[in-house]
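Everything below concerns the one structure shown next.
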Amino acid sequence: MRFRLLAGCLAILIGGCASTSSSKDASTAAALDRILAGDHRSQANRARDAYRHPKDTLLFFGITPDMTVVEVWPGGGWYTEILAPLLREHGKLYAAQLDASGSDYVRSTVETYRTK
């Protein structure tokens, strides 16, 4: 009985997370294609796309250009290179950084991100 209840809740949760197909999704997909091919992205970050699947990931979570997004611990800015252009005109992007007064590693990571 518990297993059936857990399985049912899990199915509802997964179904709620999946994006639905619409013209807005197609528009976002086209925008992501342009952004992913953009000259503003570093070659190193483009190479990671094959392993990270940014377009599929962002579409799965239902990203749209009019959203407000909080990027938690953006590190080197791989997602920032994608999210910032997508959200620039109609959305907002916030970068929630680690406390830069921490270790030398954290300070260096935050400073590298801010410089970028």
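Computed from the coordinates by the stated procedures, all read-outs in this text should not be read as laboratory data. These figures come from a predicted structure and were not determined experimentally. Virtual Cβ from ideal backbone geometry, glycine too; neighbours counted across all protein chains shown.
Things to note:
- Partners for Lys116 among lysines (Cα-Cα distance below 27 Å; same-chain residues under 8 apart left out): Lys55, Lys92
- Calculated SAXS-style log₁₀ I(q)/I(0) at q = 0.21, 0.24 Å⁻¹ - the stretch 61-116, Debye, Cα scatterers: -0.75, -0.89
- Placing +1 on the Cβ of every Lys and Arg and -1 on the Cβ of every Asp and Glu, with no other charges, gives the stretch 37-116 a dipole of roughly 140 debye about its Cα centre.
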